[in-house]
Amino acid sequence: MKRLTIWLVATAACICPATARPATGARSVVVPRHRVGFLVFDKWNYLPADGSETPSGAGANKPAPTPGETSEEPPEGSKPLVTAVWYPASKTSKRPFHEYAKGITGLATKGALLLPGDMNRPLIVFSHDFGGSGISAVYLMEYLAGCGYVVAAVDHNDRVSSLRITGPGETDPKTVIRYRSGITRRGIKLNRKAYAYRREEISAVIDKMIAESKDANSPLANMIDPKRIGVLAHGLGGFTTMTMMGMPLEPPPEEPPEPRPDAPPPQPVEPEGPPEHLEKRIKAAVVYSPSVAMWAPVEYFDHLGPIMIMYGQKEERLREQLPARAAYTYECLLGPKWSVEFIRAHGMTFCNTATIRAAGLPSQARTVYAVHRMIGQYATLMFDLHVRGRMSAASELTAARAKKDATWVKSFKAEPKRIPRPAEPPPPPTPQYEQPKR
């Protein structure tokens, strides 16, 4: 009997290696499918659209100065573009373990060898929340890289930061959360152009990554397919991403006068063409716990391209009414669109476990680990379908799949095709959601 027990345990370990617990200090890490390599480009910089010290304006598709620039004397007025990169690595790499910052550990190997035959991989660019960092969701970056993507995460030049790729930030995490709450409370009154620098930085990172892929001497040589690019975003990164996919930066138009009683009903008007600030290289986006209260309902019609919105059931405490706002945003978008709500998750659940603890929020290991795994799986399916071009993923991004995950998925919605532009946006639900006012 004893021999039989030993044989069963050994067999289970061989069959299910991915379910084994990660190394000590990384217990909330979602184990990627393949080995993952990690690099930091800390000499990159970019020139804001207007050339001034304070980035402003749209300019998302304007070329950055000299792709791959690593000079120690960057152009005057330029801004740093510190970027972390994850990629599929060879199995011959050393033991996968890396400490990114104090308390933040993962299963990547810095400078690991590339996976043999690893060429023309799809690229995912990550835009973090205001005051966050490119390493604020290491588990997700590693998961996507382990599924065959190259992932680039930039440190945005926000006014405050609690964490940086190259070290600790200068601001207390709780102070950063207060800043984020202030941005959310401004809603439609937010000065959108004040955060236009973030979209410029994402476009600049895309430029740099493509340039590195074309450079035969770069560690990323021939690794990236410039025609397969997606964006992953958290919090204000969701605002950043949606502006790159057509949402306006200009203030909302004034409300038209009340129509006469005998006037004919308004007819839906399709826009003449895509807006100038549209980043055409982005094929799809996944935004989680996003800042989505910055536009009038009718402005959501301007969004172009597939998008998946993720949010937590317990987000009200950190972002007022976010579950209701996110659900209403989904209804206003024309698609293709997906929406996933996770049970017992709040806004910081999408971050590293160490970041959750530093903010003084509950971080039950089982809940965080399970939600992290769900986030990785749904994000990968979305990018597989719209960025990688694996059409079979469409059969997995369905309500039937979400029903199987009902332990952690509270609600799931999908509209895989773009719907016609209606004359008016859907009415906001009440009293759950209070429509933002000018």
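Estimated at 0.36 nm per residue, the fully extended path between Ala406 and Ser90 surpasses their Cα-Cα distance by 110.2 nm.
How much FRET efficiency would the formula 1/(1 + (r/R0)^6) give for Val298 and Ser395, where r is the Cβ-Cβ distance and R0 is 41 Å, rounded to 0.05?
Numbers: r = 34 Å, r/R0 = 0.82.
E between Val298 and Ser395, to the nearest 0.05, is 0.75.
Between Ser181 and Glu415, the distance separating the two model label sites (each 7 Å from Cα on the Cα→Cβ line) works out to 3.3 nm.
Inter-label distance, Glu424 to Ser218: 5.0 nm, where each label sits 7 Å from its Cα along the C-beta direction.
Every number in this text was worked out from the coordinates using simple rules, so none of it is lab data. Fair warning: this is a prediction, and the values are worked out from it, not measured in the lab. A quick note on method: Cβ atoms are made from the backbone with ideal geometry, for glycine too, and the neighbour counts reach across all protein chains shown.
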